[in-house]
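What follows is a set of notes on a single structure, which appears directly below.
The values are calculated or read from the model by the stated rules, or taken from the named source; none is laboratory data. Computed from a predicted model, the values in this text were never measured in an experiment. All Cβ positions, even for glycine, are placed from backbone atoms using ideal geometry, and neighbour counts span all protein chains on display.
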Amino acid sequence: MTADGNASIEDIGAHLADGGAIILAGDALRGGDIDFAMAASKATPAAINFMARHGRGLICLGLTRARAWELGIAAQSNQGAASSGRPFGVSIEARHGVETGISAYDRAHTIAVAMAEDARAADLVMPGHVFPLIAHPDGLAARRSTLEAGIALCRKFGLGEGVVLCAIMRDDGSMARADEMADFALAHQTPIFDIGTLIGE
């Protein structure tokens, strides 16, 4: 990781494989907003708690459209994506193994259930406390967003086809920007990665 918190794509892959979170920047649809991202296959209660504490935004599970259909997750609305460009699916919860559903443990468990190789719609109930995002099947070629970029990174490094995302806010509740995050990135070993790198910019 460099002094400004940025890292090479190879280092990003190693960090994700170790279960680490990264900061994704360069979303073209959300006016400079940035997200924490980690491979859904590596999600732990500690990682969910980290995102909730330091990100403060909505914690979402990004899925391919095929995976969402396998799990019976439909779009929240037939009116298309919200103005933010975020294509939400109906919220989910693991059918078994959770208490209130909102704890870091419960949300990590729901994500693990959804990402299991043999997962089926019957393993989930709706609504719940984990918020799916359904990626465009054409990926970054169709939507330059942290959702499609996160899934592309997970696929590239053999980490499955799901990504956990959490928007990052400042202490005052306004949305953080990538150029403010260098000190945080170094202090928490959470590298910053611009998704333009994935599309050859």
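Mind listing just one residue for me: the one in the stretch 159-189 that is assigned to a loop (DSSP other than H, G, I, E, B) and without any contact (Cβ under 8 Å) to a residue 60 or more places away in the chain and, of those, surrounded by the fewest Cβ atoms within 10 Å (Cβ to Cβ)? It would help to see each step written out before you state the result.
Let us first name the residues in the stretch 159-189 that are assigned to a loop (DSSP other than H, G, I, E, B), namely 159-161, 170-174, 176-177, 181, 189.
Of the ones still in play, those that are also without any contact (Cβ under 8 Å) to a residue 60 or more places away in the chain are 170-172, 174.
Details: Arg170: 11, Asp171: 7, Asp172: 5, Ser174: 8.
Filtering the stretch 159-189 for residues that are assigned to a loop (DSSP other than H, G, I, E, B) and without any contact (Cβ under 8 Å) to a residue 60 or more places away in the chain, the one surrounded by the fewest Cβ atoms within 10 Å (Cβ to Cβ) comes out as Asp172.
Restricting attention to the stretch 59-89, report how many residues are modelled with pLDDT of 95 or more, crowded, with 16+ Cβ neighbours inside 10 Å and farther than 15 Å from Pro137 by Cβ.
4
Please indicate, with yes or no, whether at least one residue in the stretch 135-143 is touching a His at 6+ places or on another chain (Cβ under 6 Å), in a loop (DSSP other than H, G, I, E, B), free of Cβ contacts under 8 Å to residues at least 24 places away in the same chain and closer than 14 Å to Asp27 by Cα. It would help to see each step written out before you state the result.
Filtering the stretch 135-143 down to residues touching a His at 6+ places or on another chain (Cβ under 6 Å) leaves 142-143.
Right, trim to in a loop (DSSP other than H, G, I, E, B) and you get 142-143.
Pick out the ones that are also free of Cβ contacts under 8 Å to residues at least 24 places away in the same chain and you get 142.
From the residues that got through so far, the ones that are closer than 14 Å to Asp27 by Cα too are 142.
Yes, the conditions are met somewhere in the stretch 135-143.
For Asp11, state whether it is among the charged types (D, E, K, R), surrounded by 15 or more Cβ atoms within 10 Å (Cβ to Cβ) and outside any loop (DSSP other than H, G, I, E, B). Show your work before the answer.
Values: among the charged types (D, E, K, R): yes; surrounded by 15 or more Cβ atoms within 10 Å (Cβ to Cβ): yes; outside any loop (DSSP other than H, G, I, E, B): yes.
Criteria met by Asp11.
Of all residues in the stretch 1-60 being under 19 Å from Gly160 (Cβ atoms) and of a type in the set (S, T, N, Q), which is nearest to the chain's Cα centre (by Cα)?
Ser41
Answer with yes or no whether Ala167 is out of contact with any helix residue (DSSP H, G or I) (no Cβ under 8 Å at 6 or more places or on another chain), more than 20 Å from Arg107 (Cβ to Cβ) and not β-branched (Val, Ile, Thr).
Working: out of contact with any helix residue (DSSP H, G or I) (no Cβ under 8 Å at 6 or more places or on another chain): yes; more than 20 Å from Arg107 (Cβ to Cβ): no; not β-branched (Val, Ile, Thr): yes.
It is false that Ala167 is out of contact with any helix residue (DSSP H, G or I) (no Cβ under 8 Å at 6 or more places or on another chain), more than 20 Å from Arg107 (Cβ to Cβ) and not β-branched (Val, Ile, Thr).
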